[in-house]
1. Which pairs do you get when a residue that is within 12 Å of chain B (Cβ to nearest Cβ), found in segment A:106-122, comes within reach of a residue that is outside any helix (DSSP H, G or I) and among the aliphatic types (A, V, I, L, M), reach meaning Cβ atoms under 8 angstrom, with the pair 6+ apart or on two chains?
2. Which of the residues that make up segment A:39-73 are more than 9 Å from chain B (Cβ to nearest Cβ) and at positive phi?
3. Looking for whichever is aliphatic (A, V, I, L, M), away from chain B (no Cβ under 14 Å) and within 29 Å of B:Asn69 (Cβ to Cβ) here; the options are A:Val29, A:Val83, A:Val132, A:Val36. Which one fits?
4. Quick check on my filter: what residues within segment A:103-125 are surrounded by fewer than 16 Cβ atoms within 10 Å (Cβ to Cβ) and farther than 19 Å from A:Ala137 by Cβ?
5. Identify, from the list A:Ile64, A:Ile128, A:Ile80, the residue that is open to solvent by 50 Å² or more (accessible area, probe 1.4 Å) and of a type in the set (A, V, I, L, M).
6. Given the structure, is A:Thr102 of a type in the set (Ser, Thr, Tyr) and away from chain B (no Cβ under 11 Å)?
7. Those residues that are under 24 Å from B:Glu136 (Cβ atoms) and either more than 7 Å from chain A (Cβ to nearest Cβ) or surrounded by fewer than 24 Cβ atoms within 10 Å (Cβ to Cβ) (or both), I need them from segment B:86-99; list them, please.
8. If B:Asn53 passes every condition in (1) out of contact with any helix residue (DSSP H, G or I) (no Cβ under 7 Å at 6 or more places or on another chain); (2) surrounded by fewer than 19 Cβ atoms within 10 Å (Cβ to Cβ) but one, which one does it miss?
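The values are calculated or read from the model by the stated rules, or taken from the named source; none is laboratory data. Quick caveat: nothing in here was measured; it's all calculated off a predicted structure. Ideal geometry is used to build each Cβ from the backbone, glycine not excepted, and the neighbour counts take in all protein chains shown. The protein model used for the area step is the full one, side chains on, heavy atoms only, and it has no ligands, DNA or RNA in it. Shrake-Rupley method; radii C 1.70, N 1.55, O 1.52, S 1.80 Å.
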2 protein chains.
Amino acid sequence: MNVSDIFSHDYFMRQAINEAQTAFAKDEVPIGAVIVFNNKIIARAHNLVETLNDPTAHAEMQAITSATNAIGGKYLDNCILYVTVEPCPMCAAACFWAQTGTLVYGASDEKRGFTVISEKLLHPKTLIIKDVLKDEAAELMIEFFKQKRK
Amino acid sequence: MNVSDIFSHDYFMRQAINEAQTAFAKDEVPIGAVIVFNNKIIARAHNLVETLNDPTAHAEMQAITSATNAIGGKYLDNCILYVTVEPCPMCAAACFWAQTGTLVYGASDEKRGFTVISEKLLHPKTLIIKDVLKDEAAELMIEFFKQKRK
């Protein structure tokens, strides 16, 4: 196994899924994110909207704040943001301001994803890779909302 | 002078302009916001993107986090958000999540305002009032960028 196998999109997305599972355990909508710079995770976060009573506390928002803090600059153009579910318009627009280099996401969100509004919410230079471990990411969401309806 | 004169949109927008002036003094893009509940300001904030090295630290984002913290709930449906300049898509979508009751803004932003992308970024129930003290809000922005170009 070589380095490129270890540090694959699947590898980092699994770390994001771990974050989503932590959110699930806190009764939060299970979405997780990590941000990677030079094959190193510089930020990890999960949704904390209910815990913090803060509608802006999405996984991506916290990860972006944390990563820019780690880097000491406001741009993430050399970073990859992994998130388990397609970002909402707020998070996509935050990626825009950070000029995020690459956005990798798992499951699509046909109701609240940014693509429902416009792909122009992202920065034109941001590379998009989707469907990475999408079934696992989607399964967490489906299970969460199934339990909520009980 | 009665209470409705004192607690007018102009009155609260002036408080937001005060915040924008504080941002200007910190060499930040001069945008300020306040959030009002029952004629009382429950959050004040100004842009801190450069100070915090955080692309998400727009005035509205901080004000929403602060206001939901003050209220102890994630919705601002009974609140009015005043901001000196038209919100960007990130901040408009944050207003969506908070189900902001009323959005009052001053100057339009023809380049980065949310209406450039879509008015659907806001919650369908949010009432929009614009152009409040727009000349003063715009003047601060014009003066800031004029100094930047020197």
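1. Listed by first residue and then by second, the contacts come to A:Gly113/A:Val85; A:Phe114/A:Leu122; A:Leu122/A:Leu103; A:Leu122/A:Ile128.
2. Matches in segment A:39-73: A:Asn39 only.
3. It is A:Val83.
4. A:Glu119, A:Lys120, A:Pro124, A:Lys125
5. Numbers: A:Ile64 fails: open to solvent by 50 Å² or more (accessible area, probe 1.4 Å); A:Ile80 fails: open to solvent by 50 Å² or more (accessible area, probe 1.4 Å).
Matching residue, one of A:Ile64, A:Ile128, A:Ile80: A:Ile128.
6. On the way: of a type in the set (Ser, Thr, Tyr): yes; away from chain B (no Cβ under 11 Å): yes.
For A:Thr102, the condition - of a type in the set (Ser, Thr, Tyr) and away from chain B (no Cβ under 11 Å) - is met.
7. Once the filter is applied, which keeps residues that are under 24 Å from B:Glu136 (Cβ atoms) and either more than 7 Å from chain A (Cβ to nearest Cβ) or surrounded by fewer than 24 Cβ atoms within 10 Å (Cβ to Cβ) (or both), segment B:86-99 yields B:Glu86, B:Pro87, B:Cys91, B:Ala92, B:Cys95.
8. (1)
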